[in-house]
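Data block below; observations after.
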Amino acid sequence: MDSLPHHLNASAAMPAWLIAELRSDHAGETGAVMIYRGILAVTRDPALRDVATRHRATEEGHLTLLEEILPPARRSRLLPLWRLAGWLTGAIPALFGPRAVYATIDAVESYVDHHYRQQIDRLQAEGRLPELRAVLDRCREEEVHHRDEARSLSARPPGLWLRLWCKLVDRGSRAAVAAARRF
């Protein structure tokens, strides 16, 4: 991903709601990098390792962009928790194989699509920061690509336990965003 225009690095000029959202985005991308590290720590499946390696590189690019936008003092104070939660969110399904991992990616990225979309829509409605809006939209599109790729690689619909896991992942994502907005 390209570097940001210099004026986007000045978070002091951004409204409080946007700082909170960017803090949650940074926390989420930190967790996303760790999801793929967790998958790679556990799986030996070559195809799944390829997917996880490619997705991790994309998430690292998103994290780098958000680190350019959001100074360290404005980032979540709970980053160690987000790293651990992300790693477990990747490692646990990897213990059960590709199907569980792909369902997990689908659940995470479905929420992330919605989360980024809300920010993009609000920036659009307020007529604010079109360059930032474009960056967020590009990140969202790449997350949607991850979701769609995971869906296409799923052999069949998830069973009961996997659906319950995915609900837990969705609820955990929602709770993490709410906490990261504040802390």
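Below, the figures for the structure above:
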{"item": "Matching residues in the range 90-105 - criterion: being touching a Ser or Thr at 6+ places or on another chain (Cβ under 9 Å) and crowded, with 22+ Cβ neighbours inside 10 Å", "result": "G90, P93, A94, V101, Y102, A103, T104"}
{"item": "Near pairs, Cβ below 9 angstrom, 6+ apart or cross-chain, from the range 142-156 (under 7 Å from D106 (Cβ atoms) and modelled with pLDDT of 95 or more) to any residue that is among the hydroxyl-bearing types (S, T, Y) and not in a loop (DSSP other than H, G, I, E, B)", "result": "R147/S110; A150/Y102; A150/T104; R151/Y102"}
{"item": "Pairs, first on the phi > 0 side of the Ramachandran plot in the range 117-130, second at pLDDT below 95 and hydrophobic (A, V, I, L, M, F, W, C), C-beta under 9 Å, six or more apart", "result": "L129/L8; L129/M14"}
{"item": "Among residues of the range 169-183, those that are over 20 Å from G90 (Cα atoms) and either of a type in the set (V, I, T) or loosely packed, with under 15 Cβ neighbours inside 10 Å (or both), counted", "result": "3"}
{"item": "Residue match in the range 164-175 (condition: assigned to a loop (DSSP other than H, G, I, E, B), farther than 24 Å from P80 by Cβ and either under 19 Å from the mean Cα position of the chain (by Cα) or not hydroxyl-bearing (S, T, Y) (or both))", "result": "no"}
{"item": "Options W82, W87; residue that is more than 19 Å from A178 (Cα to Cα), in contact with a helix residue (DSSP H, G or I) (Cβ under 9 Å, 6 or more places away or on another chain), surrounded by 15 or more Cβ atoms within 10 Å (Cβ to Cβ) and not hydroxyl-bearing (S, T, Y)", "result": "W87"}
{"item": "Any hit, the range 25-33, residues being part of a helix (DSSP H, G or I) and over 17 Å from R182 (Cα atoms)", "result": "yes"}
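The values are calculated or read from the model by the stated rules, or taken from the named source; none is laboratory data. Computed from a prediction, not measured in an experiment: that's the story for all the values here. Note that each Cβ is placed from the backbone with ideal geometry, even for glycine, and that neighbours are counted across all protein chains shown.
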